[in-house]
Amino acid sequence: MPKARWRWAIWGDKLGIKVAGSIAGRDGYITNVYDHSKVNNLNRKSLRGGLLWQPSPSLDIALTGSWLKQADRMILGQPASNTAGGLAGLPGYYADPYTVSQDHPSQQTRDIWTANLNIDWHLGAYTITSISAYGDNRSRLIVDNDSRPLPLSYSDFQDGAKQFTQELRLASPTSGSVDYLLGLYYLRQDADSNRATVAFGPPGPGAFFGTISSISSLKTDAFAGFASGNWRPLPGLTLSGGLRYNLETKDLVFNQTNTSFVPLPDLSARLHRRDTNVSGNASITYQVLRDTRIYASIARGFKSGGFNPDIVGDTNISFGPENAWSYEAGFKSDLLDHKLRINAAAFYTDYKDLQVSALVGAAFQIRNAAAAKIKGFEVEVTAKPIRAVELNFGAGYTDATYKDFPGCAPATNCAGNRLPFVPRFSLNAGAQIGQDLGAGRLTGRIDVNWHSSTYFEATNTADGNLPGYLLANGRLAYSFAQDHLSVALFARNMFDKRYRDYSFYLAPFSERLDRWAPPRTYGIELGAKF
């Protein structure tokens, strides 16, 4: 994984430039015996750059941009069993998780570029900031839906979005007992989607060909005004707060046609929605000692509603806004002359109308779960007993459950079930040691992560459960030439743990598909800084 990076270089204290780039590649770790290809590989290139101009001591202008291109042969999944569902007994099932047989080639591509213009104008102790940004994102996903060596179903999804944002801020001086920030924000996004699924079936003498396709255009305008401030009435005591007003409108043009055996609706719609909200936060922080402080905070968050511009299973393709109240309390400390850092926090979040993906008919759509709550705590410890050694440890507990979720599956309420992808317990530990060697420095690091079991779906079905597992990663790096050049060897999943990183139930074929995470991988990374 070669990397190159150029830092800010200033000419005459007026102009600077920086450039960073990377190329990341990995062989596919799953063998497709249908065409003897390797799938689930990695092929990614990226580039970032920027210009910094300081025409006067009171004005900073930074123009930055980025580009990313990715093209991988990614599979949707593979049959979890060959004894149940509408495709039971058909070829394509392998007990080995790294072997598949799929007749349709799969591909995932992304082309993303962004441009940003930041202007800071210092007026005495005040600062006016303008942030302008534009981005273009194009992606395509081609997958074999049935995941078997049979011409049953495949999908071709093409999506794109162009986005412009503008933010203006006024920051007050920070040297006094009171400081504040005022701002305005605007977003315009034009997104389009062209999605098609070909279906042959159902299997048997009555099989026939059909397609399901949807074409959509979504325009979003979002406006916001915000203010935040800090008040320090006593030494070591800070009271902070903020408010934000949001106004967002969305306009969707959507058309879906279906000639397949899958029970999905034909639909043509022009929809508009308007969401407004006032959100805010408040916190109190007290510096008990020079390097130790305690804090408590409360915040009300908001996520606007929207539409499902996808292949949908229901004519109701809208979903409402999501709201949440969050509470947190904890402490942060740097002890023993910054050789020991201990941070801890307890949290509680209460969601109303949580936006989740649910099976609607024969397709997944975003819906609003009635209510959910997340509570828990986390602890982080970092120790540097000597300059060459750094140790870290973390632990967390999270209780994340639905308080109510009618319709999470047909005729099912998932109240009391755990939220998907959230483990109840998690642990992590790491150790790093460095030593000057020759003209450079040799650094070794190892990280270990463990988390308890999780579920892939809100229904918490047994076959959608992922048992807890432990992963270990290692890295050995040598940097030289004043840290301008480096070479590193790395190993991920060192104990070769086999586990699923995704699993879902494919309703049209009444089968479960699993996607398996990479086995033990190793490689080399080269870096250069100029």
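Residue check: residue 70 meets all listed conditions (1) more than 22 Å from the chain's Cα centre (by Cα); (2) open to solvent by less than 50 Å² (accessible area, probe 1.4 Å) but one, namely (1).
Whether any residue in region 515-522 is open to solvent by less than 70 Å² (accessible area, probe 1.4 Å), of a type in the set (A, V, I, L, M) and assigned to a strand (DSSP E or B) is what I want to check.
No.
The set of residues in region 472-504 being of a type in the set (S, T, N, Q) and within 22 Å of the chain's Cα centre (by Cα) consists of 473, 493, 503. Scanning region 70-120 for residues that are hydrophobic (A, V, I, L, M, F, W, C) and part of a strand (DSSP E or B) yields 71, 100, 112, 113, 115, 117, 119.
From the set of residues in region 484-506 that are of a type outside the set (Lys, Arg), assigned to a loop (DSSP other than H, G, I, E, B) and touching a strand residue (DSSP E or B) at 6+ places or on another chain (Cβ under 7 Å), which is most open to solvent (accessible area, probe 1.4 Å)? Looking at the filtered set, the residue picked out is 495.
Each row is one residue, and each column tells you yes or no for (1) of a type in the set (Asp, Glu); (2) open to solvent by less than 30 Å² (accessible area, probe 1.4 Å); (3) assigned to a strand (DSSP E or B); (4) in contact with a helix residue (DSSP H, G or I) (Cβ under 8 Å, 6 or more places away or on another chain).
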| residue | (1), (2), (3), (4) |
| --- | --- |
| 327 | no, no, yes, no |
| 333 | no, yes, yes, no |
| 349 | no, yes, yes, no |
| 355 | no, no, yes, no |
| 359 | no, no, yes, yes |
| 366 | no, no, yes, no |
| 369 | no, yes, yes, no |
| 376 | no, yes, yes, no |
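Residue pairs whose Cβ atoms lie under 6 Å apart, sitting 6 or more positions apart in sequence or on different chains, and linking a residue in region 303-329 that is more than 23 Å from residue 224 (Cα to Cα) to a partner that is open to solvent by less than 50 Å² (accessible area, probe 1.4 Å) and basic (Lys, Arg), are 311/195. In region 137-154, the qualifying residues are those that are assigned to a strand (DSSP E or B) and out of contact with any Gly (no Cβ under 8 Å at 6 or more places or on another chain), and the one that is farthest from residue 21 (Cα to Cα) is 154. Restricting attention to region 265-303, the residues that are β-branched (Val, Ile, Thr) and either surrounded by 15 or more Cβ atoms within 10 Å (Cβ to Cβ) or under 18 Å from residue 347 (Cβ atoms) (or both) total 4. Among residues of region 407-440 being part of a strand (DSSP E or B) and among the aliphatic types (A, V, I, L, M), the one that is least open to solvent (accessible area, probe 1.4 Å) is 409. Take region 237-281 and flag every residue that is farther than 26 Å from residue 320 by Cα and modelled with pLDDT of 95 or more. Result: 237, 238, 239, 240, 241.
The values are calculated or read from the model by the stated rules, or taken from the named source; none is laboratory data. Not measured: the values here are computed from a predicted model. In this analysis, Cβ positions are derived from the backbone assuming ideal geometry, glycine residues included, and neighbour counts consider all displayed protein chains. Each accessible area value is taken on the protein alone, full model and side chains, heavy atoms only, with ligands, DNA and RNA left out. Shrake-Rupley method; radii C 1.70, N 1.55, O 1.52, S 1.80 Å.
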